[in-house]
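**Q** Quick one: the structure is below, and I'll ask about it shortly.
The values are calculated or read from the model by the stated rules, or taken from the named source; none is laboratory data. Predicted model, so just to flag it, every value in this text is computed and none were measured. Neighbour counts are summed over all protein chains in view; Cβ atoms, including those assigned to glycine, are modelled from backbone coordinates with ideal geometry.
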Ligand SMILES: NC(=O)c1ccc[n+]([C@@H]2O[C@H](COP(=O)([O-])OP(=O)(O)OC[C@H]3O[C@@H](n4cnc5c(N)ncnc54)[C@H](O)[C@@H]3O)[C@@H](O)[C@H]2O)c1
């Protein structure tokens with residue numbers, strides 16, 4: 001491999017879910033900065049359009065697509081738009097997710113809400129990977145990156161649906177890496193610690209932040225660029241012999257919500 005091209009994503013197309021804000025937006029920006037065509041998808045079209053606008057204004061290539069990852073027809077449409085617009089798909093970032101936010105009291109959470117969290121965090125990533133894998137196989141390059149969470153290994157109160165869904169995503173990453181490997185497709189995951197986004201702001205209090213920082217050797221919360229840097233590593237040729245891994249980006253800490 002040419003050392004100067006380890007991070008070169010020119011002529012590669014990346015789909016990012018939840019690309020309108022936070023970690024997804026930062027991932028779109030860094031992939032575009034390293035040359036990828038980016039399909040920015042989000043539940044909120046105006047947020048996806050804003051990310052795509054900013055990338056295009058800087059000379060990158062991006063298109064915005066409305067996509068609710070819990071709807072199969074939206075996932076099918078997303079892949080079709082990516083193919084029509086850019087001709088191939090090489091990178092997929094399964095970022096859209098969530099659920100937990102400490103609102104999952106096990107005595108109160110409904111069966112439907114528990115199932116919905118799995119649909120959002122696990123099924124969407126599995127299904128989009130299934131739709132993209134044949135395209136990656138055709139193009140001869142494939143890297144799928146799942147955004148999981150420290151919650152997948154931590155124990156915190158009232159977060160069992162979210163935490164167990166992210167743990168399932170970790171294990172799915174290892175298993176699908178095995179299934180897709182022979183086709184030249186890699187699958188890895190990035191597990192953020194507490195990272196400053198709107199999602200975190202909805203649960204963060206000064207008290208929780210102080211507790212989190214006690215267990216964090218590098219004394220700050222994460223920035224979105226900390227996470228998207230790891231996404232770039234897995235997306236790029238530099239990691240071409242790395243698959244089935246979960247990289248926790250967390251300041252070296254644990255960051256539980258208790
Ligand atoms: N921020 C953290 O501290 C943290 C920690 C661990 C894991 N994560 C994970 O990182 C990922 C991104 O989180 P974030 O903090 O950047 O959130 P965020 O709220 O800042 O951004 C999430 C984006 O996803 C979009 N989205 C939400 N539901 C969607 C759906 N059903 N379909 C498509 N798009 C949807 C939202 O509109 C938004 O633009 C999530 O999977 C989350 O579980 C975040």
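**Q** All but one of (1) near the ligand (Cβ under 10 Å from one of its atoms); (2) under 24 Å from residue 127 (Cβ atoms); (3) in contact with a helix residue (DSSP H, G or I) (Cβ under 6 Å, 6 or more places away or on another chain) hold for residue 161; state the number of the condition that does not hold.
**A** Residue 161 satisfies every listed condition except (1).
**Q** Another question, if that's okay. Give region 50-85 a look and list any residue that's within 13 Å of the ligand (Cβ to nearest atom) and touching a helix residue (DSSP H, G or I) at 6+ places or on another chain (Cβ under 7 Å), or say none.
**A** Correct list: 51, 64, 65, 66, 67, 68, 69, 70, 72, 75.
**Q** Separate question: In region 35-49, how many are within 16 Å of the ligand (Cβ to nearest atom) and in a strand (DSSP E or B)?
**A** Going through region 35-49 one residue at a time, the tally reaches 5.
**Q** Cβ-Cβ under 7 Å, sequence separation 6+ or interchain: first residue in region 7-34 and at positive phi and within 16 Å of the ligand (Cβ to nearest atom), partner at pLDDT below 95 and outside any loop (DSSP other than H, G, I, E, B). Which pairs?
**A** 22/198; 22/199
**Q** Something else: Name every residue in region 82-104 that is at pLDDT 95 or above and buried (at least 18 other Cβ atoms within 10 Å of the Cβ), in order of residue number.
**A** 82, 86, 89, 90, 91, 92, 93, 94, 95, 96, 97 - these are the residues of region 82-104 that are at pLDDT 95 or above and buried (at least 18 other Cβ atoms within 10 Å of the Cβ).
**Q** On the basis of being farther than 23 Å from residue 149 by Cα and either out of contact with any strand residue (DSSP E or B) (no Cβ under 6 Å at 6 or more places or on another chain) or not in a strand (DSSP E or B) (or both), does residue 88 make the cut?
**A** Considered against the rule, which asks whether it is farther than 23 Å from residue 149 by Cα and either out of contact with any strand residue (DSSP E or B) (no Cβ under 6 Å at 6 or more places or on another chain) or not in a strand (DSSP E or B) (or both), residue 88 comes out as yes.
**Q** To continue, here is another question. In region 174-197, which residues are touching a residue at least 60 places away in the same chain (Cβ under 8 Å), in contact with a strand residue (DSSP E or B) (Cβ under 8 Å, 6 or more places away or on another chain) and within 16 Å of the ligand (Cβ to nearest atom)?
**A** Hits for region 174-197 are 192, 193, 194, 195.
**Q** Determine the pairs where a residue that is over 12 Å from residue 20 (Cβ atoms), located within region 51-68, has a partner that is surrounded by fewer than 15 Cβ atoms within 10 Å (Cβ to Cβ) with Cβ atoms under 6 Å apart, the partner being 6 or more residues away or on another chain.
**A** Correct list of pairs: 63/85.
**Q** Being over 30 Å from residue 106 (Cα atoms), assigned to a helix (DSSP H, G or I) and more than 12 Å from the ligand (Cβ to nearest atom) is true for just one of 244, 229. Which residue is that?
**A** 229
**Q** Exactly one condition in (1) at pLDDT 95 or above; (2) more than 15 Å from the chain's Cα centre (by Cα) is not met by residue 207; state its number.
**A** (1)
**Q** Quick one: in region 10-20, of everything that is in contact with a helix residue (DSSP H, G or I) (Cβ under 6 Å, 6 or more places away or on another chain) and closer than 20 Å to residue 226 by Cβ, which residue is surrounded by the fewest Cβ atoms within 10 Å (Cβ to Cβ)?
**A** Within region 10-20, the match that is surrounded by the fewest Cβ atoms within 10 Å (Cβ to Cβ) is 20.
**Q** Considering region 168-202 alone, what residues qualify as being at pLDDT below 95 and within 12 Å of residue 246 (Cα to Cα)?
**A** Of everything in region 168-202, nothing turns out to be at pLDDT below 95 and within 12 Å of residue 246 (Cα to Cα).
**Q** Given the conditions (1) free of Cβ contacts under 8 Å to residues at least 60 places away in the same chain; (2) surrounded by fewer than 18 Cβ atoms within 10 Å (Cβ to Cβ); (3) away from the ligand (no atom under 12 Å from the Cβ), which single one is not true for residue 135?
**A** With (1) free of Cβ contacts under 8 Å to residues at least 60 places away in the same chain; (2) surrounded by fewer than 18 Cβ atoms within 10 Å (Cβ to Cβ); (3) away from the ligand (no atom under 12 Å from the Cβ) applied to residue 135, the lone miss is (2).
Yes/no matrix, rows are residues, columns are (1) under 25 Å from residue 131 (Cα atoms); (2) more than 16 Å from the ligand (Cβ to nearest atom); (3) without any contact (Cβ under 8 Å) to a residue 60 or more places away in the chain:
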position: 172; (1), (2), (3): yes, no, yes
position: 199; (1), (2), (3): no, no, no
position: 214; (1), (2), (3): no, yes, yes
position: 219; (1), (2), (3): no, yes, yes
position: 224; (1), (2), (3): no, no, no
position: 250; (1), (2), (3): no, no, no
